[in-house]
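The values are calculated or read from the model by the stated rules, or taken from the named source; none is laboratory data. No experiment lies behind these values; they were computed from the predicted model shown. Methodologically, a virtual Cβ is constructed for each residue, glycine included, from the backbone with ideal geometry; neighbour enumeration extends over all protein chains shown. Just the protein is used for accessible areas: all its heavy atoms, side chains included, with ligands, DNA and RNA removed. Shrake-Rupley method; radii C 1.70, N 1.55, O 1.52, S 1.80 Å.
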Amino acid sequence: MTSIVIYATKKGSTGLYAKTFAEKNDYQIFEYTQAPPEELASAEKIFYFGSVYAGNVLGLDELKKKISTSQQITIISVGLTSKNDQEKLAEIHNGIMKIFPEAKMFHLRGRLEKEQLKLPEKLIVKMISKASKKKAAHEKLNIEEAIEKVADIGSVDYINLEELEIIK
Ligand SMILES: Cc1cc2nc3c(=O)[nH]c(=O)nc-3n(C[C@H](O)[C@H](O)[C@H](O)COP(=O)(O)O)c2cc1C
């Protein structure tokens with residue numbers, strides 16, 4: 001079976017997961033805007049790694065236009081949401097299912113560095129952090145704790161390449 005890896009990233013963490021996965025499995029890999037249409041169309045299985053911004057996985061609408069329903073698709077979302085943040089994770093997965101109801105799904109945690117953020121993103125981080133600080137510790141989601149750390153100490157990194165082992 002021909003399998004390929006496609007990835008969509010803004011700051012690099014999703015690219016790192018995708019490249020490591022492709023190397024380990026010896027699959028061809030393309031950034032989502034660079035994937036040649038013939039390679040996409042001829043792959044039987046597609047592993048799509050996409051980072052999550054405002055609850056949505058990058059690039060899924062574009063991907064939908066380029067592949068057919070006969071192709072198997074596995075979507076790996078990468079975000080600061082953890083598996084403990086069940087509602088947030090469900091939102092991400094529901095968004096994926098609206099576009100790809102048949103997709104197999106996995107979620108991995110990424111990283112975020114304040115230095116890499118554009119001004120509007122910095123403002124969002126500041127806003128979420130401020131709201132999170134008003135919550136009691138036991139009420140805070142893992143993603144909120146992570147965003148607070150980005151605002152306060154400048155970065156978080158939850159990348160765990162060993163998690164790639166579960167993706168088949
Ligand atoms: C403006 C902004 C919005 C974000 N929204 C989400 C989100 O809704 N859910 C999530 O899990 N992570 C969210 N993140 C965190 C990113 O998904 C995380 O840093 C990821 O590793 C980035 O992937 P990339 O390095 O491939 O771009 C957000 C980050 C920023 C800066």
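Taking all protein chains in place and a 1.4 Å probe, what share, in percent, of the accessible surface of the chain do carbon and sulfur account for? Write down the numbers at each step before the final one.
Details: 4980 of 9560 Å².
Here it works out to 52 percent.
Sketch the reach of a paramagnetic label on Thr2 as a point 7 Å from Cα along Cα-to-Cβ, and name the residues of segment 29-72 whose backbone nitrogen lies under 11 Å away. Counting only backbone N, you get 37-45. Comparing Ala41, Ala151, Ala136 in a Gaussian network model of the chain (Cα springs below 10 Å), the most mobile by mean-square fluctuation is Ala136.
In segment 38-107, which GluC sites (Glu not before Pro) fall in coil by DSSP and have 16 or fewer other Cβ atoms within 10 Å? Don't skip to the end; give the middle numbers.
Working: sites: Glu38, Glu39, Glu44, Glu62, Glu87, Glu91, Glu102; in loops: Glu44, Glu102.
Answer by residue number: Glu44, Glu102.
Accessible surface ranking for Phe100, Phe106, 1.4 angstrom probe, highest first: Phe106, Phe100.
Give me the percent of Cα-Cα pairs in the chain that sit more than 28 Å apart, rounded to a whole number. When every Cα pair of the chain is considered, 23 percent fall beyond 28 Å. Our note on the geometry: Cα centres of segment 113-150 and segment 71-107, 22 Å apart.
Could you calculate the FRET efficiency of Lys122 with Glu38 from 1/(1 + (r/R0)^6), where r is the beta carbon distance between them and R0 is 35 Å, rounded to 0.05? With R0 = 35 Å, the Cβ-Cβ based efficiency is 0.30.
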